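The structure under discussion appears below in the form of structure tokens.
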Amino acid sequence: MTLIESTPVTAETEDICVTAPSTHPRPAGDDRYTISEVSAFTGLTAHTLRWYERIGLMPHVDRSHTGQRRFSNRDLDWLALVGKLRLTGMPVADMVRYAELVREGEHTFEQRQELLQQTRRDVRSRIAELQDTLAVLDYKIDFYAGAHRASERAS
């Protein structure tokens, strides 16, 4: 079982991670990747991928007959989502909780939605803080540009 929701997709329930255009190196059906290939494709280290698996963020990665991890395109989709969640600043514990909720099934949709809505509120708050910071930087840059022009005219 992979962590990408396998709910039938409708216009109302479309999940961008499920329906996103494929950017995978291999087509579905021929999509078995070693940990080093996934590391090269995602930029994550093999250590990080193993850690994700160990903490439950990337559970049930298939194994070859020799025990080597074999990742699928669905696993790459999940890692792309995890990467986006990391960019939001979502704590690892919340990402693991989200993964657990996905594994528990459709009856957790409301809990998943609330977790993502809280993350969106946090992101919007950080964006507002950054916009305020950007306004201060713009003001200072304009101030120094004006001061520089004034000093050139005075020379």
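Summary of computed values
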| item | result |
| --- | --- |
| Those residues of region 60-79 which are exposed (fewer than 15 other Cβ atoms within 10 Å of the Cβ) and not β-branched (Val, Ile, Thr), in sequence order | His60, Asp62, Arg63, Ser64, His65, Gly67, Gln68 |
| Unique residue being open to solvent by 70 Å² or more (accessible area, probe 1.4 Å) and within 19 Å of Leu85 (Cβ to Cβ) when the list is Arg97, Arg112 | Arg97 |
| Residues within region 44-83 that are small (Gly, Ala, Ser), closer than 22 Å to Thr119 by Cα and in a helix (DSSP H, G or I), tallied | 2 |
| So Met90, is it open to solvent by less than 40 Å² (accessible area, probe 1.4 Å), under 20 Å from Thr42 (Cβ atoms), assigned to a loop (DSSP other than H, G, I, E, B) and of a type in the set (A, V, I, L, M) | yes |
| Close pairs (7 angstrom Cβ cut-off, 6 or more residues apart or separate chains): assigned to a helix (DSSP H, G or I) in region 24-43, modelled with pLDDT under 85 anywhere | Phe41/Pro25 |
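The values are calculated or read from the model by the stated rules, or taken from the named source; none is laboratory data. The structure displayed is predicted, hence computed values, not measured ones. Cβ atoms come from the backbone with ideal geometry, glycine included; neighbour counts cover every protein chain shown. Ligands, DNA and RNA are stripped out before the accessible areas are found, and what is left, the full protein with its side chains, is counted by its heavy atoms. Shrake-Rupley method; radii C 1.70, N 1.55, O 1.52, S 1.80 Å.
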